[in-house]
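Shown next, in structure tokens, is the structure this report addresses.
The values are calculated or read from the model by the stated rules, or taken from the named source; none is laboratory data. None of the values given here were measured: they were computed from a predicted structure. As a convention, Cβ positions derive from the backbone with ideal geometry for all residues, glycine included, and neighbour counts pool all protein chains shown.
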Amino acid sequence: MQRLKTAMIEKATALLTSGEVSKVLGWKKGELGFDVEPAVFTSVDSLVDFTYDAFCGANLSKYLVEESKKEGKILVFLKPCDSYSFNQLIKEHRIKKENVYTVGIECQGKVDPYKLKENGIEFVTDASETVDTVTVNGKEFKKEEIILGKCLTCTKKLLSYDDVISFNEKREPSLDRFEMVKKLEAMTADERYAFWKDQLSNCIRCNACRNVCPACTCTKCVFDNDNSGIASKANSDSFEEKMFHIIRAFHVAGRCTDCGECSRVCPQHIPLHLLNRKFISDIDRLYGEYQAGEDTESKGPLTNYTTGDVDPSDVFGGK
Amino acid sequence: MQKIGVFVCWCGSNIAATVDVKKVAEVLKAEPGVVISENYQYMCSENGQALIRNAIKEHGLTGIVVCSCSPRMHEATFRKTAESAGLNPYMVEIANIREQCSWIHKDIEEATEKAIILGRSAIAKLKLNAPLTSGESAVVKRALVIGGGIAGIQSALDIAEAGYEVDIVESAPTIGGNMAKLDKTFPTLDCAACILTPKMVDCAQNENIDIMTFSEIESVKGFVGNFKVQIRRKARFVDEKKCTGCGVCMQKCPSKKGKNEFNMGLNNRPAIYIPFAQAIPNVAIIDPEQCLKLKNGKCGLCAMQCQVNAIDYTQKDEIIEREYGAIVVATGYKPISLENFNEYGYDTYKDVVTSLELERLMNAAGPSDGHLVRPSDHKEPKVITFIQCVGSRDTSGCGKPYCSKICCMYTAKHAMLIREKYPNTEVHVFYIDVRTPGKNYDEFFRRAVEQYGVDYIKGMVGKVYEENGKLMVQGSDLINNEQVVIPSDLVVLAAAIEPNPSVRKIATMVTASIDTNNFLTEAHAKLRPVESPTAGIFLSGVCQGPKDIPETVSQASACAAKVVGLLSKDKLKCNACVSHSDEMLCTGCSVCANVCPYGAITYVDKEFRIGGGKTELRRVASVNEAVCQGCGACTVACPSGAMDLKGFSNKQIMAEVDAICKR
């Protein structure tokens, strides 16, 4: 990991010095070690705070919606999962590609700070990792014990970039990403309703999921638009407020790359990504396997009609 | 302040028998904004419309709600009424209290309550209506006919005769369709080729008709008056312009194992072939599956023999684009596959044939030169048994629920022709019912029974099996109340017909609706039988429902009359209910353009103020109102709610839903 970070800083320094880019989008060290946050570096000197380690879970691609509008070219480091979001945003004309220099970087799963806390680690003094293990404050963990939920099922690969930094150290996924979706599908409607009612009742509507989601980049979100008729539809039933998540899942259906940011940032630990994964699994079943963000040109299955498209009721029944 | 008038129609007893129309009018009068509420026996009649016109003038109405039949029936009528009284035609809303209420309810109280709710919902929507004006678009004076059977040929000839250009696109290498395969035609028994081939020649010689055979529709864009169609001209490996149809290549071709499609696969043809002697165009085609040159590069005999150098092994599919004002769908039919009817042994016994195969066996140009012999041993059959309704009127799920309509007549024809030509042959026909309405039809059938001695047995066949070289047809004779077994030499199955499978794809491309049996739906079963509900799309022949030749030809001509009526107009009124983008909300994500079937959406970079005296350039959607057809696909696809439809705004729809849910 250290050599990857060194290579990244070298790359950033070279491009800033040559003037090819004027900014760098990466991650900045925090005070507690695990509280790494996305940051824009505008000079070689400022790169002293630049980091890339086992805590860089945050997806950088959405920041480019605003950053790429500004003057000057920006260098961005994209983990495999971030790259899919990046491509999807390019496809939707949300990022000005000509203003971005992309560098793909490999990733073997990022640590979940909550899992650290569960293991009694409140702050990080030193950390190192191999493909399958992470050592924090001298204590060694297996990756599957400590990494983010989204990383446990990750099968994403490096795509195409202006440049790639990789030492060909890839971690294999520990779980099938649709396992929980299948469990939910096996439930009766009442059980499933109870599950979601229980989960979503924890929501405090902090909007973190929406704000972090790379598919949620509307100029004005329907939930912030009094004219949309959705902003505050029904307050008669406390659960109806939670329809927010279901409406949001519909809005990103077919565009969601399954980057898992929604669940990562949820302070209430709601498994929001399951709603999106249900859509992904249905889309795969109806229209053949489709990975949003794998390319920048193809039309998504939900916004493309071909004469070969099936009638959903032929697959799921219900006619 | 809005002044709304509500007009509740009885539709004779259609609505009034199940809905208390007086009560509906009374209750809706109390709705805020409603200043007058009336009921009348026939609102669409001249008196009914006068009542609306007078109310608009007298009360200075700003909008009207008509509680009546489906808007597809009379929305246009009432819009005209409103316009003639000086009201904008788009300030009219229809509450459908017939199809969606009175016709489906039995209980008056329930139906009345629902009619009131539907009325309220229309009032809620009307309150958000805005006056709209529609633009105009030009009409391309050329028609496309998809399918070159008798239906397509007749439609094309009539359109061309009226002076308009018309293209026939046919997927087979020749026009003529199923009719070209028939031997004789009922009820007059004239030979199919003698009456069809002159029409085919007329098509070829008519300056207004362009025939594209071995071609398929690739895509259809646009709308009534302005369709843009891509046509795939499949490679036939023979230059149509050079080939003279001399047929030398066919004789020289060493690969002679292709199934002869024209003869229903009953004999073989060479890899290079002309489908039949009177084919139009009379041009050869190479079957790449069979051609040795195309398969492994070794041969090329046909090219060597061809005097005019017409053979081109390198020919590729070509896609051409043309514009049309109207499209006629005439895709025809095919007999159903008999895989669900193993009891009749079609796949097992060579001498169990379909009626269309029998046509070829009896045809002078067929595989046996018109000499009726069994496919197995080429001997003359002495006992022939016909089985009717194979897959027709079948509610078991194996076949089709509908009557194929033509089988009773052609079976009588077959039976009669066989008895005429081979008087010593015994002919039996199993039937459920004999259905022969039509001019001179029943007389024809009776002649088969009374003069030609065909043995008609009322009953169905249970199975066909082989015993001592005979096909044993076991069935029930319902009139004599007994089981019968008829040892036969040839068994003929009157297989049901179904729409040509390509019609599904075509219907999707032209956005025409299709029923559960894949027949295209007409705009109105009785009053608009040759038009599709999609403007500019017309239906000709069996693609709309089972028909025999006389009916097909009448419908094809009717269809042509409709096309000519459309093409004779210089301008068409556009739809006023078009979509538009709220640029303040639009993110320029392209989702709407992806789903737009008309290509009406483009993107522009516009400068927007973002506060602090700054501006930014944003990519936003822009709708071409002359092209938009108001389908609304973009409004549901838009994630940020920037796309909206005039006359059907999201707000209006939500207001309707709220009005329905309100207690």
Residue within region A:225-239 that is away from every other protein chain (no Cβ under 14 Å), modelled with pLDDT under 90, buried (at least 16 other Cβ atoms within 10 Å of the Cβ) and more than 21 Å from the chain's Cα centre (by Cα) present: no
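Among B:Val238, B:Val229, B:Val220, B:Val224, which is in contact (Cβ under 8 Å) with a residue 40 or more places away in the chain, in contact with a strand residue (DSSP E or B) (Cβ under 9 Å, 6 or more places away or on another chain) and under 25 Å from B:Leu196 (Cβ atoms)?
Values: B:Val229 fails: under 25 Å from B:Leu196 (Cβ atoms); B:Val220 fails: under 25 Å from B:Leu196 (Cβ atoms); B:Val224 fails: under 25 Å from B:Leu196 (Cβ atoms).
That would be B:Val238, the only listed residue that is in contact (Cβ under 8 Å) with a residue 40 or more places away in the chain, in contact with a strand residue (DSSP E or B) (Cβ under 9 Å, 6 or more places away or on another chain) and under 25 Å from B:Leu196 (Cβ atoms).
Inside region B:213-225, can you point out the residues that are among the aromatic types (Phe, Trp, Tyr) and part of a strand (DSSP E or B)? Show your work before the answer.
We begin by selecting, within region B:213-225, every residue among the aromatic types (Phe, Trp, Tyr); these are B:214, B:223.
Scanning region B:213-225 gives a single hit, B:Phe223.
For residues in region B:22-47 being assigned to a helix (DSSP H, G or I) and touching a helix residue (DSSP H, G or I) at 6+ places or on another chain (Cβ under 8 Å), which is nearest to B:Ser68 (Cα to Cα)?
Of the residues in region B:22-47, the ones assigned to a helix (DSSP H, G or I) are B:22-29, B:46-47.
From what is left, the residues that are touching a helix residue (DSSP H, G or I) at 6+ places or on another chain (Cβ under 8 Å) are B:23-24, B:27-28.
Working: B:Lys23: 15, B:Val24: 12, B:Val27: 16, B:Leu28: 14 Å.
If we take residues in region B:22-47 being assigned to a helix (DSSP H, G or I) and touching a helix residue (DSSP H, G or I) at 6+ places or on another chain (Cβ under 8 Å), then B:Val24 is nearest to B:Ser68 (Cα to Cα).
Condition check ((1) in a helix (DSSP H, G or I); (2) within 14 Å of chain B (Cβ to nearest Cβ); (3) among the polar types (S, T, N, Q)) across all residues:
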{"residue": "A:Glu144", "(1), (2), (3)": "yes, no, no"}
{"residue": "A:Glu172", "(1), (2), (3)": "no, no, no"}
{"residue": "A:Glu185", "(1), (2), (3)": "yes, no, no"}
{"residue": "A:Tyr193", "(1), (2), (3)": "yes, no, no"}
{"residue": "A:Arg205", "(1), (2), (3)": "no, no, no"}
{"residue": "A:Lys220", "(1), (2), (3)": "no, yes, no"}
Failed condition for A:Gly109, given (1) surrounded by fewer than 23 Cβ atoms within 10 Å (Cβ to Cβ); (2) assigned to a loop (DSSP other than H, G, I, E, B): (1)
Residues of region A:108-141 classified as free of Cβ contacts under 8 Å to residues at least 60 places away in the same chain and either within 14 Å of another protein chain (Cβ to nearest Cβ) or in contact with a helix residue (DSSP H, G or I) (Cβ under 6 Å, 6 or more places away or on another chain) (or both), total: 3
Selection count, region A:284-315, where residues are surrounded by 15 or more Cβ atoms within 10 Å (Cβ to Cβ), away from chain B (no Cβ under 14 Å) and more than 19 Å from the chain's Cα centre (by Cα): 2
Top-ranked residue of region B:594-624 - restricted to ones that are more than 9 Å from chain A (Cβ to nearest Cβ) and surrounded by 18 or more Cβ atoms within 10 Å (Cβ to Cβ), ranked as farthest from A:Ser68 (Cα to Cα): B:Tyr598
Breaking point among (1) under 21 Å from A:Val222 (Cα atoms); (2) among the hydrophobic types (A, V, I, L, M, F, W, C); (3) not in a loop (DSSP other than H, G, I, E, B), for B:Val604: (1)
Failed item, numbered, when B:Leu417 is tested on (1) on the phi > 0 side of the Ramachandran plot; (2) in a helix (DSSP H, G or I): (1)
The lone exception for B:Gln652 - which of (1) among the polar types (S, T, N, Q); (2) within 11 Å of another protein chain (Cβ to nearest Cβ); (3) in a strand (DSSP E or B) it fails: (3)
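Give the residue, chosen from B:Ala558, B:Ala512, B:Ala507, that is within 14 Å of chain A (Cβ to nearest Cβ), in a helix (DSSP H, G or I) and touching a residue at least 24 places away in the same chain (Cβ under 8 Å).
Result: B:Ala507 is the single residue among B:Ala558, B:Ala512, B:Ala507 that is within 14 Å of chain A (Cβ to nearest Cβ), in a helix (DSSP H, G or I) and touching a residue at least 24 places away in the same chain (Cβ under 8 Å).
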Checklist (1) out of contact with any strand residue (DSSP E or B) (no Cβ under 6 Å at 6 or more places or on another chain); (2) assigned to a loop (DSSP other than H, G, I, E, B); (3) more than 14 Å from chain B (Cβ to nearest Cβ) applied to A:Glu71, failing item: (3)
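Residue under question is B:Glu656, and the condition is that it be modelled with pLDDT of 90 or more and surrounded by fewer than 13 Cβ atoms within 10 Å (Cβ to Cβ); does it hold? Quick ask: steps written out before the conclusion?
On the way: modelled with pLDDT of 90 or more: yes; surrounded by fewer than 13 Cβ atoms within 10 Å (Cβ to Cβ): no.
Against the criterion (modelled with pLDDT of 90 or more and surrounded by fewer than 13 Cβ atoms within 10 Å (Cβ to Cβ)), B:Glu656 does not qualify.
Condition check ((1) surrounded by fewer than 19 Cβ atoms within 10 Å (Cβ to Cβ); (2) in a loop (DSSP other than H, G, I, E, B); (3) not assigned by TED's automatic domain parsing to the domain that holds B:Arg446; (4) not aromatic (Phe, Trp, Tyr)) across all residues:
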| position | (1), (2), (3), (4) |
| --- | --- |
| B:Asp167 | no, no, yes, yes |
| B:Ala204 | yes, no, yes, yes |
| B:Ile211 | no, no, yes, yes |
| B:Arg236 | no, yes, yes, yes |
| B:Cys243 | no, yes, yes, yes |
Qualifying residue in region B:509-517 (condition: surrounded by fewer than 17 Cβ atoms within 10 Å (Cβ to Cβ), more than 29 Å from B:Tyr456 (Cα to Cα) and touching an Asp or Glu at 6+ places or on another chain (Cβ under 8 Å)): yes
Hits in region B:632-649 (condition: within 12 Å of another protein chain (Cβ to nearest Cβ) and either at pLDDT below 90 or assigned to a loop (DSSP other than H, G, I, E, B) (or both)): B:Cys638, B:Pro639, B:Ser640, B:Gly641, B:Ala642, B:Ser649
B:Arg374 crowded, with 17+ Cβ neighbours inside 10 Å, over 32 Å from the mean Cα position of the chain (by Cα) and among the charged types (D, E, K, R): yes
